[in-house]
Amino acid sequence: MDPIRKLARELAAHERVLFLGRHVGYPMALEGALKLKELAYVGAEGFAAGEIKHGPIALVEQGTPVVVLAPRHALLPKLVTNVQEVRARGAFTVVISTDDVREVDKHADHLVRIPDQKSLLTPLLMLVPMQVFAAEYALARGLDIDQPRNLAKSVTVE
């Protein structure tokens, strides 16, 4: 996880981070963005990668960090195209993929591998590097990750 921590420290000055996923990667993109918002107070948003041409791509500028969730699934070739589209607009792409996915490697500025479980557990494993990324991003900004502002446990506050 040290490379993820180092990457988070390098990117911590950015006020916007986008997360993209298709199929099972989409809910994980939403969760990754949520964690970064909660801990680092940046404009992080998760999108279905197939919808980027309907607005989100307008947010991509030179150097914008875009985290792409790329486990093996039937829509992977389309996800590769989405990564190419954001890179063509200057995005810095962070790709989190399983060991068996190589199609997106050459389009990643930073590649994070997780073990391929060939099951629905794969998306949960993708969450771990995103949580580490969010925590280190916030720490690099001098924030207290143990007491995020304006958050309360849903079991104690309604």
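Bear in mind these aren't lab numbers, they're just calculated from the coordinates by the rules spelled out. Keep in mind the model is a prediction, meaning the values are calculated, not measured. Methodologically, a virtual Cβ is constructed for each residue, glycine included, from the backbone with ideal geometry; neighbour enumeration extends over all protein chains shown.
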*asked:* Being over 16 Å from M1 (Cβ atoms), in contact (Cβ under 8 Å) with a residue 40 or more places away in the chain and part of a loop (DSSP other than H, G, I, E, B): is that true of D116 here?
replied: yes
*Which one of the conditions (1) touching a strand residue (DSSP E or B) at 6+ places or on another chain (Cβ under 9 Å); (2) among the aliphatic types (A, V, I, L, M); (3) touching a residue at least 24 places away in the same chain (Cβ under 8 Å) does L34 fail to meet, given that it meets all the rest?*
(3)
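Given the residues R72, R22, which is the only one that is farther than 20 Å from I145 by Cα, charged (D, E, K, R), out of contact with any Pro (no Cβ under 6 Å at 6 or more places or on another chain) and in contact (Cβ under 8 Å) with a residue 60 or more places away in the chain?
Exactly one of R72, R22 is farther than 20 Å from I145 by Cα, charged (D, E, K, R), out of contact with any Pro (no Cβ under 6 Å at 6 or more places or on another chain) and in contact (Cβ under 8 Å) with a residue 60 or more places away in the chain, namely R22.
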*State all residues of segment 37-47 that are within 16 Å of E136 (Cβ to Cβ) and either free of Cβ contacts under 8 Å to residues at least 24 places away in the same chain or not β-branched (V, I, T) (or both); if no residue qualifies, say none.*
K37, E38, L39, A40, Y41, A44
*Considering each of G21, G43 in turn, give the residue that is farther than 26 Å from K118 by Cβ and either in contact with a strand residue (DSSP E or B) (Cβ under 7 Å, 6 or more places away or on another chain) or among the basic types (K, R) (or both).*
G43
*Given the conditions (1) outside any helix (DSSP H, G or I); (2) hydrophobic (A, V, I, L, M, F, W, C); (3) touching a residue at least 24 places away in the same chain (Cβ under 8 Å), and given that L111 satisfies all but one, which numbered condition is not satisfied?*
(3)
*In segment 106-124, what count of residues is obtained for those that are more than 15 Å from V67 (Cα to Cα) and buried (at least 17 other Cβ atoms within 10 Å of the Cβ)?*
1
*asked:* When you scan segment 90-103, do you find a residue that is touching a residue at least 40 places away in the same chain (Cβ under 8 Å), under 13 Å from the mean Cα position of the chain (by Cα) and farther than 23 Å from A58 by Cα, even just one?
replied: no
